[in-house]
Amino acid sequence: MEQLLNNLVELGRTEKFNGEIDYGAEISSDSLLEAMKVVGTDHSSQKIIDRFTENAPIIHKTLLSITFANYLQSKMTSSESVTSTAVDSSLSAEVMKKARRSIRLLLNLIQRSPEFASKIPSECVELLETLIATASFHSECLLILVKTADSTWLEFQKSFRYSHLLERILNSGISSENSDETTSILAYFSTLLERDYGFLSSCYAEMSSESFCEVLDVVRVIIERNSKVCDGKPMKIHSNNLLFVINLLELITVDYTAFLMAKLKKEPKSVEERRLKTVEMLNLVVEIVEEMCTNVEMTSNLNEKATAINAVVDVLDTILHAESLFSDFRVSQSENWPDIPLNDSKFEVLRQKIEEEKRYEATQRRYEDRPKQPPPSKLLRVETSESLSHLAQTILSQYQNIDDVIGLPRVGELKLNCLKAISNLCSLSPDNKLATLQNGRQGLLSVLQCTSRRPAYFMESYAMRNYSIFCVRQLTDNCQENKEVILQLGQPTQPIIDRKRLLKEFGIDENELSGTSHM
């Protein structure tokens, strides 16, 4: 084993890997296997490994290079053998075996010696990215990253390929059905989110909007899992990264133009990309804020500042305003809008939603005395805000271009998450309840508008009304100011139910309201 490590150091010093398929040919596959077994089973091997600490960066690079070189050779062998023979297949398998022994030896060295693991250099970033891209070494590469994350979170930032490596990891996780690989990805990102206080801000600046949404989804899953963990060690996220989520939500609502233009000089095409990803990104951010309410370390930030509750109410108001704009748009379209392709399976769910809407409308026409639901009204507060009106137009475009969207637009899901987030935020803090009525906001009235199912917006969930009612209860519980809002409703702006039934359903005592109002 010691001789093999010496040979690896000598190879790494004398030959730089440049994609040659014969790189490391002098290192035998059997010697790699023997060393792999010794390191994996013999505890005393750590003493030998630690003697190579100074040259550990070279060994890291050399073993990864040998892995990739043999992978290339196996692919070249199989591609050249058009008329494949047993000999050709055997040769390709042997070469691939050497590649696996090389990377698994590296993994064993890392697991045996923490000191050796900490010496992985930034030059390995591109090799790891490339190996993950081959789809043949996912598990080994992910485990290497997890075991070295405590040191690489800072070291790897020296490489210009670091963000590409992160994107590659996320892509491999999406395509993988291996639960162990998913767990490794979550563990790796958890370490980065805990150790690197500016991790999310770096991802936001360096990654595409699509990849950044995937990072946010990882954050969401980690927080969600932590809330369900009873035993075992929970994954951690530094509070600075969670605060960035709140700041990003505020940026989108307060200065949507700045959100779009963040990477304009570096990547001009990123503006339209961000616009198209706005609803998905908002959906993830709002859901993370909703989940953050279960995080003891974050509750003080969510309670002491009204940033989160204000931004979530702004998003809900913007959706309601966009619905009003969409209502006007639909009136101008033909009866068969949208014209969804019949034989395209990717639109099947959307097609079912549209059919459901038509059946609902046909049912309503049978009842002549049923009051006609008026179209949703526009919100002056949104119209007069440059940022919110711009955001409303982006949401409107999701509705208008529905036949260009694969699957369903996520506006309805975002609307539902806003209600959940408002409920959670207001259950934490009386100040958050009051904030929904300040600075021109009428949060309770906005939530009340969501109690009526709107079949014209077929992206909505049947759960919308129930969450709306629950949200109203949270807003009015021990909050006289919000109770007064309902008391002053002469007639509901929408013919949902009569006032007495409205109060009863929300669990509000009308006598209590009346008595308080005359004091």
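Numbers for the structure displayed
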read-out	value
Single residue of segment 271-315 satisfying the filter (surrounded by fewer than 18 Cβ atoms within 10 Å (Cβ to Cβ) and hydroxyl-bearing (Ser, Thr, Tyr)) that is farthest from GLY412 (Cα to Cα)	SER300
All positions within segment 374-389 that are assigned to a helix (DSSP H, G or I) and surrounded by fewer than 17 Cβ atoms within 10 Å (Cβ to Cβ)	LEU380, GLU383, GLU386
Pairs where the first residue, in segment 50-78, is outside the structural domain of TYR23 (by the TED database) and under 18 Å from ARG101 (Cα atoms) and the second is at pLDDT below 95 and surrounded by fewer than 21 Cβ atoms within 10 Å (Cβ to Cβ), C-beta under 8 Å, 6+ apart	none
Any pair with Cβ under 6 angstrom, 6 or more apart, that starts in segment 252-269 at a residue that is in contact (Cβ under 8 Å) with a residue 24 or more places away in the chain and outside the structural domain of GLU206 (by the TED database) and ends at one that is hydrophobic (A, V, I, L, M, F, W, C) and in a helix (DSSP H, G or I)	ILE252/PHE259; THR253/ALA311; TYR256/LEU391
From GLU214, GLU155, residue being more than 23 Å from LYS119 (Cα to Cα) and either of a type in the set (Asp, Glu) or in contact (Cβ under 8 Å) with a residue 60 or more places away in the chain (or both)	GLU214
Only one of ILE169, ILE223 that is outside the structural domain of LEU109 (by the TED database), in contact with an Asp or Glu (Cβ under 7 Å, 6 or more places away or on another chain) and either assigned to a helix (DSSP H, G or I) or open to solvent by less than 10 Å² (accessible area, probe 1.4 Å) (or both)	ILE223
Residues of segment 96-130 satisfying the condition of being hydroxyl-bearing (Ser, Thr, Tyr) and open to solvent by 40 Å² or more (accessible area, probe 1.4 Å)	SER118, THR130
Flag for THR152 being out of contact with any strand residue (DSSP E or B) (no Cβ under 6 Å at 6 or more places or on another chain), open to solvent by less than 10 Å² (accessible area, probe 1.4 Å), β-branched (Val, Ile, Thr) and over 24 Å from GLU224 (Cβ atoms)	yes
Per-region count, segment 438-476, residues modelled with pLDDT of 90 or more, open to solvent by 30 Å² or more (accessible area, probe 1.4 Å) and not in a helix (DSSP H, G or I)	4
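Here's the yes/no breakdown for (1) surrounded by 14 or more Cβ atoms within 10 Å (Cβ to Cβ); (2) over 22 Å from LEU145 (Cα atoms):
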site	(1), (2)
GLU2	no, yes
GLY12	yes, no
GLY19	no, yes
TYR23	yes, yes
SER31	yes, yes
ASP42	no, yes
ILE48	yes, yes
PRO57	yes, no
SER65	yes, no
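The values are calculated or read from the model by the stated rules, or taken from the named source; none is laboratory data. Not measured: the values here are computed from a predicted model. Backbone-built Cβ (ideal geometry, glycine too); neighbour counts: all protein chains shown. Protein only, heavy atoms only, side chains kept; ligands, DNA and RNA dropped before computing areas. Shrake-Rupley method; radii C 1.70, N 1.55, O 1.52, S 1.80 Å.
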